[in-house]
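Here the structure is laid out as C-alpha cells; the discussion comes afterwards.
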Amino acid sequence: MTPQHWYEHRWASLVMAAILVLLAWAGLARWVGLDSFPSPWAALQELPALISDPMAWSAILQSVGRMFAGYALALVVAVPLGLAMGRSRLVYTAFYPLVALAYPMPKAALMPILMLWFGLGDFSKILVIALGVSLPLLYHSYHGATRIEPKLIWVAQSMGMGPLARLGKIVLPASLPEVMIGCRVGVVMALIVMVSSEMIARQEGIGNLLFTSMDMAQYSTVYAVIMLLAVLGIACDALFEFVRKRCTHWHDSTQSLMDKG
C-alpha cells in the first residue's frame, strides 16, 4: 500500500493500530503485574469519570488555549521570517546563525529561564510553545520559498511589486503546500511542548493533572490522561488536515494528475 493510499484509509488504520496497541498493552500489563502499570481496561474505566470532571475539563481547556496561543504566535513570526530567509540572502545571513544555534536545543529546557524572567503564568508557557513550533515552520517556509519558479518573481518585479508585496502575493501562495507541511509538524510539536512545559511549571493544565495523578498513585488516571492526550493529538491533526486540503486543493489536484500521468 502506497503512503497516499494509506492516508486515504487513515481512520481504518488508526482503529487497527489502536486495537493492536491495546492488546499488546493488556498482555504486557498481565505479564508485568505491577500496580503502576494497570491494564488498558482499567484506564478505559477511568475515562468517563475523567471526562465528566469539571476540573479536568478546565485543565484541558487551559492547555488547549495556551497551545493554540503559542502556535498562533509562531505562525505570525516564523512563517514570514522563513519566507524572507528563502528570498533574501541578507535576511538569511542575519538569522541563520541564531536558527542553527536554537535548532538542537530542547525547548522545554528553556522553561526554567522563562519562569525566572516572566514568572509561572501563561506567558512563559505560551512563549516556550511558540519557540518549539517556530523551527519546523521556519524550516519548511524557507524551503518552500527557495523552490519558487524564478519567472514568477521576475514577472512580479516587472509589474512594480516591492519586496513586501511579492512576499504576500507571490511567495506565500506559491510556497503554501510546503508551509502547510511545517504547520502540520508544528501542531504535534505544540502539543508535546505544551505538556512538557506544564509538567515543569506545575500550576494548572493537563500536564499538571498528569503529574498530580502520578504523585497520588492514581495510575489508572495517569494512563487515562495519556489516552486523552492521544485523542487530542489525533483530533488536532485531523482538523489541520481538513484545513490543509481546503487551502491547497489546487496543489493536491495537480499532484494527483502528475501521479496518474
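The values are calculated or read from the model by the stated rules, or taken from the named source; none is laboratory data. The structure presented is a predicted model; accordingly, all values stated were derived computationally and were not measured. Backbone-built Cβ (ideal geometry, glycine too); neighbour counts: all protein chains shown. Accessible surface is based on the protein model in full, side chains and every heavy atom, while ligands, DNA and RNA are left aside. Shrake-Rupley method; radii C 1.70, N 1.55, O 1.52, S 1.80 Å.
Key figures
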{"item": "Pairs with Cβ under 9 Å, 6+ apart, first in the range 177-197 and touching a residue at least 40 places away in the same chain (Cβ under 8 Å) and over 19 Å from Val128 (Cβ atoms), second open to solvent by 10 Å² or more (accessible area, probe 1.4 Å) and of a type in the set (Val, Ile, Thr)", "result": "Val179/Val79; Met180/Val243"}
{"item": "All positions within the range 200-224 that are assigned to a helix (DSSP H, G or I) and farther than 11 Å from Ser63 by Cβ", "result": "Ile200, Phe211, Thr212, Ser213, Met214, Asp215, Tyr219, Ser220, Thr221, Val222, Tyr223, Ala224"}
{"item": "Residue count for the range 227-245, restricted to those that are without any contact (Cβ under 8 Å) to a residue 40 or more places away in the chain and open to solvent by 40 Å² or more (accessible area, probe 1.4 Å)", "result": "7"}
{"item": "In the range 46-80, the residues that are aromatic (Phe, Trp, Tyr) and either in contact (Cβ under 8 Å) with a residue 60 or more places away in the chain or in contact with an Asp or Glu (Cβ under 6 Å, 6 or more places away or on another chain) (or both)", "result": "Phe68, Tyr71"}
{"item": "Condition met for Ala224 (under 23 Å from Ser124 (Cα atoms), open to solvent by less than 20 Å² (accessible area, probe 1.4 Å) and in contact with a Leu (Cβ under 9 Å, 6 or more places away or on another chain))", "result": "no"}
{"item": "Which listed residue is at pLDDT 80 or above and of a type in the set (A, V, I, L, M, F, W, C), from Leu127, Leu152", "result": "Leu127"}
{"item": "Matching residues in the range 112-161 - criterion: being more than 21 Å from the chain's Cα centre (by Cα), among the polar types (S, T, N, Q) and open to solvent by less than 40 Å² (accessible area, probe 1.4 Å)", "result": "none"}
